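To start, the structure itself, in structure tokens.
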Amino acid sequence: MEFIKYKSTRGKETGVNASEAILKGLADDGGLFMPEKFPKFDFSLEDLKGKRYQEVAYEVMKLLLSDYTKEELMDCIEKAYDEKFDTEEIAPLVKAEGAYFLELFHGDTIAFKDMALSILPHLLTTAAKKNGIKNKIVILTATSGDTGKAAMSGFCDVEGTGIIVFYPKDGVSNVQRLQMVTQKGDNTDVVAIHGNFDDAQSGVKKIFSDKEFANKLSENGIQLSSANSINIGRLVPQIAYYVYAYVKLLESGNIATGEKINVCVPTGNFGNILAAYIGKQMGLPIDKLICASNENKVLFDFFENGVYDRNRKFVLTSSPSMDILISSNLERLIYLSCGSDGEYVSKLMKDLSVGGKYEVTEAMKEFMKDFIGGFADEKKNFEGIKSLYDSTGYIIDTHTGVAFSVYEDYKNATKDMTKTVIASTASPYKFADSVLEAIFGQKQDMGDFEVIDKLHEIGAPDIPRAILEIKDAKIRHTRECDSADMQKEVEDILFNNRR
Ligand SMILES: *Cc1c(COP(=O)(O)O)cnc(C)c1O
């Protein structure tokens, strides 16, 4: 097996081991870590037929996490994908209306973030051990709703770690908010910020790049790390489920060996779809990557005309986890598309932070031609959810709904009948009021938990533990701050909270 090292998308940091990249989150030059090359699968997909999710995950992840021993990696995988998931399959593939829905929401917090965040704490604590880190590792995370809870759930009471989550006060669903503010654990903190997700994400990035602050923390035996999808430790585990889905399609005889599939992914920060793309580079037979956006359709416009422009109104939608105007992981694709030219990436990212936009060259556009952008507005999204329910009884959430609508559009426009895996990123229970509004054509005048019962009544599967848990849980987190004061808040939590 080839030994894979990592380098920064901005070119100044190279030769970094996987475990070091996971510990750091962001490279010193502000870039994101990328493998120096993509290893090819050293197994045949046929041979993975019948294997457990954990075994498939190991085969894929071992290729990219070269400095983890087999024992270390297996241990991380087994601890992550265990009874926390409500099905042994971990990520079941469900066929409905001619598409294959890859249900990535069977973990602790019923959104796809669990797929990566249930393993990240283990990868990170293993990395700390391997690298002789004695400091306490504090995770700072901005969330558009799902990452925060999934990260806290993963890091809750993990020795030697702490976690602070920032979420946009008015930008998350009720269930998402309740899940976060009731989070248990002595090492978890949650702060609502007066701003949107991009403000939260920019604030966190700013704290990370403050060297003086890092020194001050270091003097106190603390170092920061990130659980956001900029961390390569998030991206690598996500490749595994695309491989798993492909193997399931082989097993069921729905595709033949080597047959190409399309994937359609409801996208925000561009992490999930990028994982599929990396899988493709490693040997997974994927043809098109359909990138589905909601009304915040920066990515759609980008794939149309090569201009990334965040100068537009930020729209709050019923798919809040995709309400994002700065898709951080796109930087990784940009980097690949310009021939790994770190200086050029730095220039574009500077354009983005100064003027809010950048433009890529024709050659770069050509490089990205496997990506097809699409978007669905609220009306379209709701119509899609309803039509799928009416014709099959299958209930999808509002994020998956965006992907489903975009997929239907794509199919109608191109007549491309390639078998397609749609990443199903959240349980409908997490966004029950919007899902009911879609199905009944109007807002239901019901309380937070009545909508849950109603959804169950009309055919959604058993109410997940994640929902039952928050019903009577005590609210433990009430902090809020302006987005400009996030660093102060971190200091207060770390230094004045006697923690
Ligand atoms: C985070 C999230 C997304 C977007 O995923 P990215 O990797 O950020 O593109 C989509 N749907 C749900 C439910 C999410 O939680």
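Tabulated results
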{"item": "Search result, residues across the stretch 438-483 that are of a type outside the set (A, V, I, L, M, F, W, C), touching a Lys or Arg at 6+ places or on another chain (Cβ under 8 Å) and either in a loop (DSSP other than H, G, I, E, B) or free of Cβ contacts under 8 Å to residues at least 12 places away in the same chain (or both)", "result": "441, 444, 476"}
{"item": "The lone exception for residue 223 - which of (1) modelled with pLDDT under 95; (2) under 20 Å from residue 483 (Cα atoms); (3) in a strand (DSSP E or B) it fails", "result": "(2)"}
{"item": "Pick from the stretch 292-318, criterion within 13 Å of the ligand (Cβ to nearest atom) and closer than 14 Å to residue 360 by Cβ, ranking: farthest from the chain's Cα centre (by Cα)", "result": "298"}
{"item": "The lone exception for residue 330 - which of (1) touching a Leu at 6+ places or on another chain (Cβ under 8 Å); (2) away from the ligand (no atom under 16 Å from the Cβ) it fails", "result": "(2)"}
{"item": "Given (1) open to solvent by 10 Å² or more (accessible area, probe 1.4 Å); (2) in contact (Cβ under 8 Å) with a residue 60 or more places away in the chain; (3) touching a Pro at 6+ places or on another chain (Cβ under 8 Å), index of the condition residue 223 fails", "result": "(3)"}
{"item": "Residue that is modelled with the lowest pLDDT, among those in the stretch 266-290 that are among the small types (Gly, Ala, Ser) and either more than 13 Å from the ligand (Cβ to nearest atom) or not in a helix (DSSP H, G or I) (or both)", "result": "268"}
{"item": "Residue match in the stretch 29-52 (condition: without any contact (Cβ under 8 Å) to a residue 60 or more places away in the chain and in a helix (DSSP H, G or I))", "result": "yes"}
{"item": "Answer from 340, 229, 321 - the residue that is part of a loop (DSSP other than H, G, I, E, B), within 16 Å of the ligand (Cβ to nearest atom) and not hydrophobic (A, V, I, L, M, F, W, C)", "result": "229"}
{"item": "Residues satisfying the stated conditions in the stretch 388-416, i.e. of a type in the set (A, V, I, L, M, F, W, C) and away from the ligand (no atom under 13 Å from the Cβ)", "result": "388, 395, 413"}
{"item": "Qualifying position, being surrounded by 17 or more Cβ atoms within 10 Å (Cβ to Cβ) and at pLDDT below 95, among 18, 27", "result": "27"}
{"item": "Single residue of the stretch 87-127 satisfying the filter (of a type outside the set (Asp, Glu) and farther than 23 Å from residue 239 by Cβ) that is nearest to the ligand (Cβ to nearest atom)", "result": "96"}
{"item": "Close pairs (9 angstrom Cβ cut-off, 6 or more residues apart or separate chains): more than 9 Å from the ligand (Cβ to nearest atom) in the stretch 417-430, assigned to a loop (DSSP other than H, G, I, E, B) and among the polar types (S, T, N, Q) anywhere", "result": "419/254"}
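For (1) surrounded by fewer than 15 Cβ atoms within 10 Å (Cβ to Cβ); (2) of a type in the set (D, E, K, R); (3) within 30 Å of residue 160 (Cβ to Cβ), each residue gets a yes or a no:
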{"position": "437", "(1), (2), (3)": "no, yes, no"}
{"position": "450", "(1), (2), (3)": "yes, yes, no"}
{"position": "462", "(1), (2), (3)": "yes, yes, no"}
{"position": "470", "(1), (2), (3)": "no, no, yes"}
{"position": "475", "(1), (2), (3)": "yes, no, yes"}
{"position": "482", "(1), (2), (3)": "yes, yes, no"}
{"position": "493", "(1), (2), (3)": "no, no, yes"}
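The values are calculated or read from the model by the stated rules, or taken from the named source; none is laboratory data. On a predicted model such as this, the values are computed, not experimentally measured, just so you know. Using ideal geometry, Cβ is built from the backbone for each residue, glycine included, and neighbour counts are taken over all protein chains shown. These accessible areas exclude ligands, DNA and RNA; they are computed on the full protein's heavy atoms, side chains included. Shrake-Rupley method; radii C 1.70, N 1.55, O 1.52, S 1.80 Å.
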